[in-house]
């Protein structure tokens, strides 16, 4: 079993130093509960609700900026893997909506969101590389970001490449749902897990920002898609922790002779690429 | 709004005439409630739990056999669309696990299950054509069968081709789930609807057959993936009916500038085909 945590915090738009402090506090709380992998929200370095690309770029940091240096220090101090979203300045004209995977060795991978939601396409440059799959001390970890989770093809790629855990920083804007139902975003995460037999952790955020409210629906699932922690709309900052059997993701069997990856018929899926 | 029904019946293995009768009774009950589209379970002509391919072939019928002739008659009498699963004999060495779409004009399409679950691969020949999309009086209807629903690529194809409703005959074998949770099969259906903004109806079955028990989890969802009827495990035969806004599936918008089909990055999905 691997102890996986999601730090559902409220980043402070326009105050990155304060945000780094509250993230550090949440990571320490997760470490105190024994977390081996800690996931942070999308764009937790900066906040989300930028008015335009210039404002995003001004809030962006390079990979060796203060945010990732802090996460690396926390990863070393507590000997854990950190996956978090940050606003990345790579020297280009627009920032990327990125996620980094780090451990005590340093930054292991940087992924740039490929599916930009709503006005993000006016604010960020889109990534064009597949989600990375990184060997860590506790398992093979991949990352995608928020809206990426709504494209099953995109979770398929790291799952086919051997990922055991897909760690997704998200910022889920809240919307209506029937009473008693899990948020649609959570249902999609459960299905992402189910159709690839991969464990998934989505770390959402809380805290109203420029009139945007968030689901606060961070969720940790096992490879069967069952919710181990979270998965309901909330408004309070919290640290979710669950013991996850990452090795279960190595077995793609779904009953009898069935194997959810081997049973694919990719020769018939060409229309999906048209 | 279109009135969609799922006839969750218990086919009688080894007694096709009795099964045709109980299916006719269920379709009439759906018609009496105003159903315009009626969906029947997978292999409802024959039952499911065949010991081998010879037994399945012996129970199979051609497209102009008594089962589809009955469904066509019912479709004409009640002016509705029927989508149902049947064991198809096309003159080859093995039967197909097929579904037909019919209306008052006759058989509009026959689809053969492409993803064969567990021992089905020992019993049936696999189909190799994409799910059809058929214009009917009430909307554009597609069909896939049971395990097909676990492959998002396969639902993507008819959705990209304009289907408004994916009508899926299923036979869901029951399995354990945490208390209070919807069956995983239902969660996958909800996600199938969500990631393509397509309405989905899955018609399951009940009645123990050769020691196999079934979820009895027939479900009708809207294009937002919300459950309009069913969606919980049950053991009794029943006719589910819901008013479904099929036209909502024509709008792939998922918030602001986002469009769940246009926002795909198929140029990046090539690894999914490797």
key: Copies compared at residue A:92 - label distances in nm, ascending, label defined 7 Å from Cα in the Cβ direction   = 4.7
key: Order of B:218, A:238 under a 10 Å beta carbon neighbour criterion, fewest first   = A:238, B:218
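Can you classify segment A:2-273 as rounded, prolate or oblate using the Cα gyration tensor, where a ≥ b ≥ c are the square roots of its eigenvalues, rounded means a/c under 1.5, and otherwise it's prolate if a/b beats b/c and oblate if not?
rounded
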request  = Take chain B, connect every pair of alpha-carbon atoms lying under 10 Å apart with a spring to form a Gaussian network, then pick out the residue of B:254, B:12, B:110 with the largest mean-square fluctuation.
outcome  = B:254
inquiry  = Suppose you put the label 7 Å out from Cα in the Cβ direction; list, shortest first and in nm with one decimal, how far residue B:24 is from each other copy's label.
reply    = 7.8
request  = For chain A, set up a Gaussian network in which alpha carbons nearer than 10 Å are linked by springs, and say which option among A:256, A:34, A:225 fluctuates the most.
outcome  = A:256
inquiry  = Angle check, please: helix B:66-78 long axis (alpha carbons) against the longest principal axis of chain B (alpha carbons), in degrees 0 to 90, nearest 10.
reply    = 60
Highest-MSF residue in chain A out of A:127, A:92, A:216 [GNM, Cα springs under 10 Å] = A:92
query = Which order results if A:108, A:257, A:102 are arranged by neighbouring Cβ count within 10 Å, fewest first?
reply = A:257, A:108, A:102
note = Plugging the Cβ-Cβ distance of residue B:18 and residue B:135 into 1/(1 + (r/R0)^6) at R0 = 25 Å yields, to the nearest 0.05, a FRET efficiency of 0.15
request  = Could you state the angle between the C-alpha long axis of helix B:16-32 and the longest principal axis of the C-alpha atoms of chain B, as a value from 0 to 90 degrees rounded to the nearest 10?
outcome  = 40
request  = Evaluate the distance, in nm, between pseudo-label points positioned 7 Å from the Cα of residue A:119 and of residue A:52 along their respective Cα→Cβ axes.
outcome  = 1.2
ask   = Can you give the angle from 0 to 90° between the axis of helix B:184-196 and the longest principal axis of chain B, with both taken from C-alpha atoms, to the nearest 10?
value = 50
Other-copy label distances relative to residue A:126, 7 angstrom Cα-Cβ extension, nm = 3.2
Where labels lie 7 Å past Cα in the beta-carbon direction, separation of residue A:28 and residue B:73 in nm = 7.9
query = Classify segment B:96-196: rounded, prolate or oblate, from the alpha-carbon gyration tensor (a ≥ b ≥ c, eigenvalue square roots; a/c under 1.5 rounded; otherwise prolate if a/b is larger than b/c)?
reply = oblate
ask   = In what order do B:121, A:205, B:20, A:262 fall by count of nearby beta-carbon atoms within 10 Å, going from fewest to most?
value = A:262, B:121, B:20, A:205
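Coordinate-derived values only; no laboratory data. Since the structure is predicted, the reported quantities are computational estimates derived from the model, not experimental observations. Don't worry about glycine lacking a Cβ; one is built from the backbone with ideal geometry, like all the others, and counts go over all protein chains shown.
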